[in-house]
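Since the structure comes first, as structure tokens, the remarks are kept for the end.
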Amino acid sequence: MRLPERSGDQVRIGIAITVPEPYATQLQDARARYGDPWAEFIPPHITLMPPTVHEPDELPVIGRYLDGVAARHEPFVVRLRGTATFRPVSPVVFVQVVEGISGCELLERDVRTGPLAQELQFPYHPHVTIAHEVDDERLDAAFDGMAGFDASFVVDHFHGYEHGDDGVWRPARDFVLGGGARDDADEREASVSS
């Protein structure tokens, strides 16, 4: 996995829809089962913004911006079903988003503007990775083994993730869709991370 380089106190962040339980554990276990070296470091998610590096004093501005993005979008349903691949362009097998694609696309487009504006290397395609950087045999096994996967959930928030020095991506902050507050959320700071 290619990550942008950090220097000094810079923070590496990403923005994603986190797949909830019980599906998260099922997908993470599958990723480990197929030998993906990142299985224990990356929670199952739908990327909204790939990893970027920012100065710590930029994070409050980014946090306020993402609060505004979240407030402009209503909750929507995502359904994950079946598998697909980015081969031969990229050695990735993923679970497909078959419902909620437009919700993901609109949210991603809105996230990737303002202080987070960036060009993408590839066109945006919402998905949940289950095998990456493994040999073709394991990619084939993931493709076949998860073909029957089917899960639906409501997306009512997305996360700001922070990349730790230990290589683990951790959700650092919720951004609630529709501008409401989640019952389990503590008072949120005006930052991308806590």
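The values are calculated or read from the model by the stated rules, or taken from the named source; none is laboratory data. Treat the numbers as computed from the prediction; the structure is a model and nothing was measured. Virtual Cβ from ideal backbone geometry, glycine too; neighbours counted across all protein chains shown.
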* Residues of the range 142-175 classified as out of contact with any Phe, Trp or Tyr (no Cβ under 6 Å at 6 or more places or on another chain), more than 25 Å from Arg81 (Cα to Cα) and not in a strand (DSSP E or B), total -> 3
* Could you say whether any residue in the range 73-94 is farther than 25 Å from Val168 by Cβ, touching a helix residue (DSSP H, G or I) at 6+ places or on another chain (Cβ under 6 Å) and of a type in the set (A, V, I, L, M, F, W, C)? -> yes
* Hits in the range 64-81 (condition: in a helix (DSSP H, G or I) and over 11 Å from Val111 (Cα atoms)) -> Arg64, Ala71
* Asked: Just for the range 118-141: of the residues that are β-branched (Val, Ile, Thr) and not in a loop (DSSP other than H, G, I, E, B), which one is farthest from Ala39 (Cα to Cα)?
  -> Val128
* When you look at Ile15, is it part of a strand (DSSP E or B), out of contact with any Pro (no Cβ under 6 Å at 6 or more places or on another chain), closer than 23 Å to His157 by Cα and in contact (Cβ under 8 Å) with a residue 40 or more places away in the chain, yes or no? -> yes
* Working only within the range 105-124, note down all residues that are more than 24 Å from Pro75 (Cβ to Cβ) and either at pLDDT 95 or above or among the charged types (D, E, K, R) (or both). => Glu119
* **Given (1) in a loop (DSSP other than H, G, I, E, B); (2) surrounded by 18 or more Cβ atoms within 10 Å (Cβ to Cβ); (3) not basic (Lys, Arg), number of the condition Trp38 does not satisfy** => (2)
* Are any residues in the range 1-37 farther than 26 Å from Arg109 by Cβ and hydrophobic (A, V, I, L, M, F, W, C), and if so, which ones? -> Ala30, Ala32
* Can you confirm whether the range 44-59 contains a residue that is over 21 Å from Gly167 (Cα atoms) and either surrounded by 15 or more Cβ atoms within 10 Å (Cβ to Cβ) or more than 15 Å from the chain's Cα centre (by Cα) (or both)? => yes
* Can you name the number of the only condition in (1) within 22 Å of Pro91 (Cβ to Cβ); (2) touching a strand residue (DSSP E or B) at 6+ places or on another chain (Cβ under 7 Å) that Pro20 fails? -> (1)
